[in-house]
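Since the structure comes first, as structure tokens, the remarks are kept for the end.
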Amino acid sequence: MDINIISLFPEMFNSPFGHSIIKRAMDKHIININFTNPRDFTYDRHHQADDVPFGGGAGMVLKPEPFFRAVASVKNTLPTNKNTRVILLSPEGKTFSQQTAKNLSTYDSLIFICGHYEGFDNRITENLAEDIISIGDYVLTGGELACMVIVDAVCRMLPDVLGSKESALTDSFYNGLLEYPQYTKPRYYKNMTVPDVLLSGNHQKIDEWRRIKALEKTRLKRPDLLDKINLSPEKLNAVKKLKNDCTKN
Ligand code: ADE
């Protein structure tokens, strides 16, 4: 997958993309990350990418020309038969979710537009982006941090990015549920123990325990998630049983 990031501050990405899973995915050429600085598409003496808002008011607004030119330049480098999506990061966008990560992972190339200052000239927002995505209802200094979050979540979904030990299938949210609780050595620590079933060697029992615990944890910590997913009759019964047990206690 080709990941193209349009940002006035490309250096911000060095550390987050220089480690762990993203770095490995780049080393294996599963993903290829390119940066384009809109400032390189400003032709005035000061290379100005922002300007004061028409109508007055505080702060600066990102100018349309550098961003339109930057997107056109990135698109020119991509083969026309590539399935590409242009995404603009902004708190006014649709809230990012695991489902959005899965959808984005099906594209051959993604173009991310990161903003700064008071925001984008509205012609960028309205005409350049196919998706506007927010990572939550709060305002960040810029779209770069949001872009890092999205790239990370999308890359985990790509085939061969995660090793067999880190399957995305067991991730929280992948199936609409939180992940079951995990334990490792030591078995006993400060009066806290590991559930016996995990040491039983009975894989059917372990799978069953994990399914129940994932449901239980989701019901306790994120009950809203259970309303959003289509549960199999078996899981639905398990949730009903958990609800009953809970009202009895
Ligand atoms: N830019 C500033 N705040 C943001 C947010 N919450 N999500 C995405 N992009 C942003």
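The values are calculated or read from the model by the stated rules, or taken from the named source; none is laboratory data. Since we're looking at a predicted model, the values are computed, not measured. Counting neighbours? That spans all protein chains shown, and the Cβs are built from the backbone with ideal geometry, glycine included. Remember, those area values only see protein heavy atoms, side chains included, never the ligands or the DNA or RNA. Shrake-Rupley method; radii C 1.70, N 1.55, O 1.52, S 1.80 Å.
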request  = Roll a 1.4 angstrom probe over the protein heavy atoms and tell me the percent of accessible area of the chain that is carbon or sulfur.
outcome  = 51 percent
request  = Quick one: which residues, 5+ away or cross-chain, put their amide H under 5 Å from the amide H of Asn34? H built at 1.01 Å from N.
outcome  = Ile3, Asn4, Ile5
key: Mean separation of Cα contacts under 8 Å (6+ apart) over length of the range 2-156, as relative contact order %   = 29 percent
note = Square roots of five times the C-alpha gyration tensor eigenvalues of the range 136-183, ordered largest first and given in whole Å, equal 25, 15, 9
query = Helix 64-77 sits at what angle to the longest principal axis of the chain, using alpha carbons and giving 0 to 90 degrees rounded to 10?
reply = 70 degrees
query = When the chain is modelled as a GNM with alpha-carbon springs shorter than 10 Å, which of Asp121, Asp227, Asp108 fluctuates the most?
reply = Asp227
inquiry  = Using Cα springs under 10 Å in a Gaussian network model of the chain, which residue among Thr36, Thr106, Thr184 shows the largest mean-square fluctuation?
reply    = Thr184
task = Enumerate the amide H contacts of Asp50 below 5 Å, restricted to partners 5 or more residues apart or on another chain; note that Pro and chain-start residues carry no placed amide H.
result = Lys63
Scattering curve values for the range 11-68, log₁₀ I(q)/I(0), Debye with Cα scatterers, q = 0.12, 0.17, 0.24, 0.27 Å⁻¹ = -0.50, -0.72, -0.92, -1.04
key: Surface accessible to a 1.4 Å probe, per residue, for the residues of the range 2-156, Å²   = 52 Å²
remark   = To the nearest 10 degrees, the tilt of helix 143-155 (Cα long axis) against the first principal axis of the alpha carbons of the chain is 50 degrees
note = Which residues qualify? For Ile132, with a placed amide H closer than 5 Å and at least 5 residues away or on another chain, they are Leu88, Lys94
inquiry  = On C-alpha positions alone, give me the angle between the axis of helix 233-248 and the longest principal axis of the chain, in degrees, nearest 10.
reply    = 70 degrees
query = Which value at 222 nm does the chain reach when only helices count, each DSSP H run of 4 or more adding -39,500 (n - 2.57), with the total divided by all residues and rounded to the nearest 500 deg cm²/dmol?
reply = -11000 deg cm²/dmol
inquiry  = What percentages make up the Cα-Cα pair-distance distribution of the range 63-140 when the bins are 5 Å wide from 0?
reply    = 3, 14, 25, 24, 18, 12, 2, 0
task = Choose one answer from Asn175, Asn81, Asn122: the residue with the largest mean-square fluctuation in a GNM of the chain with alpha-carbon springs under 10 Å.
result = Asn81
task = Averaged over every viewing direction, what's the projected area of the C-alpha convex hull for the chain? Give it in nm², one decimal, please.
result = 19.1 nm²
DSSP-assigned coil residues among GluC sites (Glu not before Pro) in the range 95-174, each with at most 10 further Cβ atoms within 10 Å = Glu130
request  = Rounding to the nearest 20 debye, state how big the charge dipole of the range 1-120 is about its Cα centre with +1 on each Lys and Arg Cβ and -1 on each Asp and Glu Cβ.
outcome  = 480 debye
message = Explain nothing, just compute: Karplus ³J(HN,Hα) = 6.51 cos²θ - 1.76 cosθ + 1.60, θ = phi - 60°, for every residue of the range 193-209 in order, whole Hz, x for Gly and Pro.
response = 10, 8, x, 4, 4, 6, 9, 6, x, 8, 5, 5, 5, 5, 4, 5, 4
note = Per DSSP, the loop-located trypsin sites (Lys or Arg not before Pro) within the range 145-207 having at most 12 other beta carbons within 10 Å are Arg187, Lys190
ask   = For the range 1-106, which trypsin sites (Lys or Arg not before Pro) are both in a DSSP coil and crowded by at most 14 other Cβ atoms within 10 Å?
value = Lys28, Arg45, Lys82
